[in-house]
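Worksheet: the structure to be examined is printed underneath.
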Amino acid sequence: MEAQGQAAPASTGERLYRWLDARFGLGKLVGWARHKEVPVGGHSMVWYYLGGATLFFFTVQLASGVLLLMYYQAGEQTSYESIRYITTKVPFGWLIRSIHCWSAHLMIVSLVVHMFSTLMLKAYRRPRELTWLSGFVLFAIALGFGFSGYLLPWNELAFFATAVGTDSVKSVPVIGQWLLEVMRGGPDVTINTLYRFFALHVVILPLVMVGVVSTHLLFIQVQGMAPAMAHQPKARPGLKFFPDFILRDLLLWLVCLIALSVLVYLLPYGPGIPGMEWELGKKANPLAPAYPGIKPEWYFLWVYQLLKEFPAHLFGMEGPQAALLVVTVLMGIWALVPWLDRRAGKNQPSPMFTDLGIAAIVFMAYLMLKAWDIGGGSADHSKLPDPRSTAWTCSLITLGIGSAIALLRILAYKQRWMFFSGAALLQVVLNGVFGVDYLVAGAIAVLVVIAGLVLTLRKQPGATLEAPR
Amino acid sequence: MSALLALVLLLAAADPAAPAPDEGKLPASVEKLFEEKGKDGKPILGDTERAYLKKLPLHTRELIGKDVDAVTLGGAAHLKVLLSLELSSQAAAIVFSDNCILCHADPESQKKIHLFSADPKATGSNELLNLKNFVSDVHFRRGLSCAGCHGGSPDKDVMTPDIAARWPKADVRHQDRTWIPEFCARCHADPNFMRGYNPSLPTDQLAKYKDSQHGILLLEKKDSKAAQCVSCHGVHGIRGPKSRLSKVHPQAIPDTCGHCHADPKYMAGYQKADGTPLPTNQVEQFKKSVHGKALLEKGDLGAPACNSCHGNHAAMPPAVASVSQVCRTCHAQNATFFDGSKHKQAFEKHHWPECEKCHGKHDIAKATDAMISAAPDGLCGACHAENAKDNKECNETALYFRSSLTDLVTKQQELRPEAEELATRGLDTEPIQASLEELKEALVQTRTRVHTFDRGGFDQGAKAGREAIAKSESLLQATRSEQRYRRNGLLVSIGLMSFLAVAMAFKIRELSRRRAKDNEGRRTP
């Protein structure tokens with residue numbers, strides 16, 4: 001009977017926990033984790049897991065990158081050769097390289113989707129402006145990772161893509177040439193360029209990335225995830241962070257790992273889309289003629305195409321200079337969205353910024369499709385693609401995507417404010433269907449938006465530019 | 001300090017070595033030409049001509065001034081013609097010091113029949129008097145100008161009686177072309193003379209020509225339709241055989257020969273040694289042949305043109321006995337194997353041309369494995385039916401060759417795509433590709449060894465091919481096994497991860513149900 005009254009002996013786990021708790025005060029952490037909740041809004045919970053998926057791919061990048069580093073040797077006579085050695089001789093070397101490449105692209109995909117979902121849910125609104133900004137910085141760093149890592153195999157494709165990519169830096173006013181030489185380690189792409197890209201890729205960017213990711217996560221932990229907006233239905237109670245949310249997060253990570261494994265096995269050199277392929281090919285030869293049909297990685301394609309759309313000179317500026325100015329302004333607007341969207345800051349609906357996101361998708365999709373020369377009639381580079389038929393086909397596809405999104409917004413979400421996305425589609429139609437110059441079409445679209453907004457204001461005196469609540 | 005500065009300035013001013021500044025000043029007489037106006041009232045010479053003249057060295061500008069003063073340069077229009085040639089400064093110095101060119105390029109003083117023009121079509125002058133061609137002529141570029149062939153002296157102001165005295169009279173020389181070879185040979189057959197210009201150029205062209213069919217016709221039978229030097233090399237625009245614009249560049253030779261030999265009217269009356277008319281379809285056949293396609297379509301200058309088999313200056317149809325000697329200059333291995341074969345004796349006995357008998361001559365097609373066949377459409381059938389019909393071994397050997405080659409080719413066609421497929425799956429197929437290259441090389445060797453017409457000789461090549469196939473198959477087997485290992489590894493990993501994922505999904509569902517119950521419990525007091 002006495003024995004029954006005594007407490008059961010503590011398990012090893014419990015004893016370890018007590019030991020750690022006595023030293024590090026784990027109780028507080030456990031208490032915090034037990035009470036932490038993730039708000040559940042009227043929208044799908046899927047969007048909450050994309051940041052975690054991005055983090056997962058980043059972790060895979062770190063692990064596979066370290067493994068590659070064990071065999072990779074930067075140098076004119078060793079870079080290409082060591083990658084070749086990794087993929088052909090090192091046990092599971094092919095697997096590690098392929099995982100590194102696939103995971104890099106999937107990280108950018110999940111990051112972009114995460115960013116757009118944050119925009120659509122207005123999760124950036126006060127007080128989470130800095131979380132958005134740090135996310136934007138992470139996006140820029142991820143692009144930097146892609147750009148610097150591309151050159152490291154020192155193959156033909158990487159060499160010429162880097163030469164074209166770095167060349168655009170020349171357009172920066174005043175310091176362009178200096179900046180180009182700093183980036184390249186000289187006036188041309190040489191092995192010195194690879195050395196500094198290598199340092200950037202394996203030391204500088206990972207350190208910065210880990211720092212900014214930590215800050216981003218800290219912000220989220222301190223402020224919690226953004227709750228649903230005031231006008232959205234808030235039917236359900238919050239979801240416990242631990243273990244409910246964590247378990248779902250881990251499940252997604254596992255699904256991502258399965259998907260990664262299948263992709264790596266079935267398509268070890270990528271899906272074969274220009275800007276998303278990593279077959280080693282021939283070693284870089286600076287004296288060889290430029291690689292035909294050279295294109296940057298898919299996430300830079302819209303900038304690449306925009307540069308092509310600009311004439312040699314525009315308003316006293318060089319074409320590339322003007323194009324990069326446009327890209328900088330657009331990126332600036334994107335980074336400052338939490339401060340520009342005042343209605344969301346007041347927890348009011350802001351359809352203008354929802355539409356801005358859709359317009360960005362239409363704008364970039366059209367440019368990307370054109371950069372892929374879809375409909376141009378030359379997949380094998382035997383002849384130059386026809387720009388007119390490319391524009392025609394790409395405009396029809398973009399129009400299809402844009403119309404489908406618009407229908408979904410109208411029918412499922414009862415959204416009506418579509419000035420920006422309408423203007424982006426107008427530009428696509430003018431350029432692709434009617435053959436109007438891309439920039440002229442853009443100017444017409446901007447004028448139509450301004451006229452539309454002015455007319456709306458005149459019809460409803462005292463109305464603001466935004467939709468009623 | 002100021003004294004030092006003064007000294008430096010003084011030294012700089014007094015430097016005798018410093019050249020006088022030359023700003024491309026033109027002689028006064030040349031300047032005057034810029035005032036001349038054409039029929040439309042506009043100046044004939046403009047800024048382009050002035051810019052060109054200014055770039056010329058001082059002595060060339062002075063030379064032009066002297067030409068104007070001596071009236072060998074007749075006026076602005078005359079100067080414009082010469083400047084339109086865009087000559088280098090060295091070539092300009094030659095042209096402006098040669099009175100023959102100067103006078104014969106003056107549109108004001110020359111009759112059209114004697115007028116050298118930069119564009120004969122536009123001026124209506126003789127097409128052979130094309131100045132642009134003339135200044136790129138190989139003779140002109142080595143310093144030999146009009147006087148070199150026509151006689152006279154380029155520095156004299158008037159025509160002298162010795163000009164053209166070394167030629168037959170105009171009415172004779174255009175009808176009777178027999179004088180041309182000897183005339184060119186005055187220099188080209190003289191080793192001492194040629195040493196001063198082009199020591200590497202042979203000087204036996206005339207001797208060879210005399211023995212050629214063309215030479216016999218022209219010099220012995222006095223047939224002026226027969227080709228001589230000018231027929232192939234041209235006149236007033238002669239270029240070396242390496243120039244793509246030359247009539248004797250390898251790719252131009254079929255058309256140069258075809259100019260006469262593909263013209264039925266021109267060739268009417270000419271016969272072969274057996275008395276049959278000389279055909280005129282050789283060029284057409286050659287262009288469709290494997291050699292013609294290589295030379296004219298693929299741009300392979302190593303491929304033979306007409307002269308490769310017939311010779312250049314000693315052009316003759318190769319005799320039956322020498323046909324194979326011509327072919328073996330390139331296809332040496334095939335010829336050596338043939339020499340050691342049973343066929344050699346048989347061919348000699350029947351006086352058959354060796355290679356030509358099976359492969360043809362001007363219309364040689366790409367050799368295929370299908371040619372080795374005793375069937376009527378094959379190469380062996382017709383001859384063997386007539387000359388060796390009782391020899392069973394021949395047919396068996398032909399069948400063996402054919403089946404062996406077919407086996408090698410079939411295996412090659414099977415293995416290559418499989419290796420490529422595995423490469424796209426990320427597997428290391430370099431050793432397989434190397435082995436398949438060995439097979440490719442062995443196939444070339446085996447096909448060459450068909451000319452031994454002997455199983456033993458043939459098998460030396462085929463054996464290497466069979467070994468390459470065995471090696472490729474073994475490597476492919478190992479690579480396929482690696483692929484299976486990867487696939488199984490993936491399936492096991494996916495299986496484990498999926499199991500874990502399903503377990504987690506159940507746990508999540510259980511948690512969700514528990515939370516829902518808790519929430520309901522809270523709502524109902």
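The values are calculated or read from the model by the stated rules, or taken from the named source; none is laboratory data. These numbers were taken from a predicted model, which means no experiment stands behind them. In this analysis, Cβ positions are derived from the backbone assuming ideal geometry, glycine residues included, and neighbour counts consider all displayed protein chains.
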Evaluation of residue A:197 against (1) within 14 Å of another protein chain (Cβ to nearest Cβ); (2) closer than 30 Å to residue B:425 by Cα (one fails), failing number: (1)
Qualifying residue in segment B:513-524 (condition: facing another protein chain (nearest Cβ under 10 Å) and touching a helix residue (DSSP H, G or I) at 6+ places or on another chain (Cβ under 8 Å)): yes
Residue B:163, sole failed condition from (1) at pLDDT below 90; (2) touching an Asp or Glu at 6+ places or on another chain (Cβ under 9 Å): (2)
Hits in segment A:106-137 - residues which are closer than 30 Å to residue B:488 by Cβ and either surrounded by fewer than 20 Cβ atoms within 10 Å (Cβ to Cβ) or among the basic types (Lys, Arg) (or both): A:109
Any chance residue B:382 is farther than 25 Å from residue B:335 by Cβ, small (Gly, Ala, Ser), without any contact (Cβ under 8 Å) to a residue 40 or more places away in the chain and away from chain A (no Cβ under 14 Å): no
Residue satisfying all of: in segment B:320-343; among the hydroxyl-bearing types (Ser, Thr, Tyr) and without any contact (Cβ under 8 Å) to a residue 40 or more places away in the chain; farthest from residue B:354 (Cα to Cα) among these: B:329
Verdict on residue B:429 being within 13 Å of another protein chain (Cβ to nearest Cβ) and among the polar types (S, T, N, Q): yes
Some residue of segment B:485-501 being surrounded by 13 or more Cβ atoms within 10 Å (Cβ to Cβ), over 42 Å from the mean Cα position of the chain (by Cα), more than 13 Å from chain A (Cβ to nearest Cβ) and within 27 Å of residue B:422 (Cβ to Cβ): no
Selected residue (only one of A:259, A:290 is outside any loop (DSSP other than H, G, I, E, B), over 28 Å from residue A:350 (Cα atoms) and of a type outside the set (Asp, Glu)): A:259
Lone qualifier among A:194, A:247 - being without any contact (Cβ under 8 Å) to a residue 12 or more places away in the chain and not small (Gly, Ala, Ser): A:247
Unique match (being in contact (Cβ under 8 Å) with a residue 40 or more places away in the chain and surrounded by fewer than 18 Cβ atoms within 10 Å (Cβ to Cβ)) among B:144, B:79: B:144
Among (1) part of a loop (DSSP other than H, G, I, E, B); (2) surrounded by 15 or more Cβ atoms within 10 Å (Cβ to Cβ); (3) within 14 Å of chain B (Cβ to nearest Cβ) - the single one residue A:251 does not satisfy: (1)
Residue in segment B:319-332 that is surrounded by 12 or more Cβ atoms within 10 Å (Cβ to Cβ), of a type in the set (Gly, Ala, Ser) and either at pLDDT below 85 or within 27 Å of residue B:211 (Cα to Cα) (or both) present: yes
Residue within segment B:475-490 that is of a type outside the set (A, V, I, L, M), in contact with a Pro (Cβ under 9 Å, 6 or more places away or on another chain), farther than 23 Å from residue B:401 by Cβ and assigned to a helix (DSSP H, G or I) present: yes
Residues of segment B:395-427 that turn out to be under 30 Å from residue B:384 (Cα atoms) and of a type in the set (D, E, K, R), as a count: 3
Within segment A:78-105, considering residues that are over 18 Å from residue A:49 (Cβ atoms), among the small types (Gly, Ala, Ser) and buried (at least 22 other Cβ atoms within 10 Å of the Cβ), the one farthest from the other protein chains (Cβ to nearest Cβ): A:79
All positions within segment B:191-225 that are farther than 17 Å from residue B:143 by Cβ and part of a loop (DSSP other than H, G, I, E, B): B:200, B:202, B:203, B:204, B:212, B:221, B:222, B:223, B:224, B:225
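Let's see how each residue does on (1) within 14 Å of another protein chain (Cβ to nearest Cβ); (2) at pLDDT 90 or above; (3) out of contact with any Leu (no Cβ under 8 Å at 6 or more places or on another chain):
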{"residue": "A:160", "(1), (2), (3)": "no, yes, yes"}
{"residue": "A:180", "(1), (2), (3)": "no, yes, yes"}
{"residue": "A:206", "(1), (2), (3)": "no, yes, no"}
{"residue": "A:227", "(1), (2), (3)": "no, no, yes"}
{"residue": "A:239", "(1), (2), (3)": "yes, no, yes"}
From the options A:365, A:323, residue that is buried (at least 21 other Cβ atoms within 10 Å of the Cβ) and not in a loop (DSSP other than H, G, I, E, B): A:323
Qualifying residue in segment B:433-446 (condition: within 40 Å of the chain's Cα centre (by Cα) and within 14 Å of chain A (Cβ to nearest Cβ)): yes
Whichever residue in segment A:278-301 is touching a residue at least 40 places away in the same chain (Cβ under 8 Å), in contact with a Phe, Trp or Tyr (Cβ under 6 Å, 6 or more places away or on another chain) and not aromatic (Phe, Trp, Tyr) and, among such residues, is nearest to the other protein chains (Cβ to nearest Cβ): A:283
Subset of segment A:394-422 (residues that are over 22 Å from residue A:453 (Cβ atoms), surrounded by fewer than 18 Cβ atoms within 10 Å (Cβ to Cβ) and not small (Gly, Ala, Ser)): A:396, A:397, A:399, A:401, A:407, A:408, A:411
Residue A:3 vs. criteria in a helix (DSSP H, G or I), farther than 23 Å from residue A:225 by Cα and at pLDDT below 85: yes
Selection within segment A:262-274 - surrounded by 19 or more Cβ atoms within 10 Å (Cβ to Cβ), assigned to a loop (DSSP other than H, G, I, E, B) and either more than 7 Å from chain B (Cβ to nearest Cβ) or modelled with pLDDT of 95 or more (or both): none
Hey, residue B:484 among the basic types (Lys, Arg) and without any contact (Cβ under 8 Å) to a residue 12 or more places away in the chain or not: yes
Search result, residues across segment A:370-427 that are touching a Leu at 6+ places or on another chain (Cβ under 8 Å), under 20 Å from residue A:360 (Cβ atoms) and assigned to a loop (DSSP other than H, G, I, E, B): A:372
Number of the exception - residue A:12 against (1) at pLDDT 95 or above; (2) more than 28 Å from residue A:299 (Cα to Cα); (3) among the hydroxyl-bearing types (Ser, Thr, Tyr): (1)
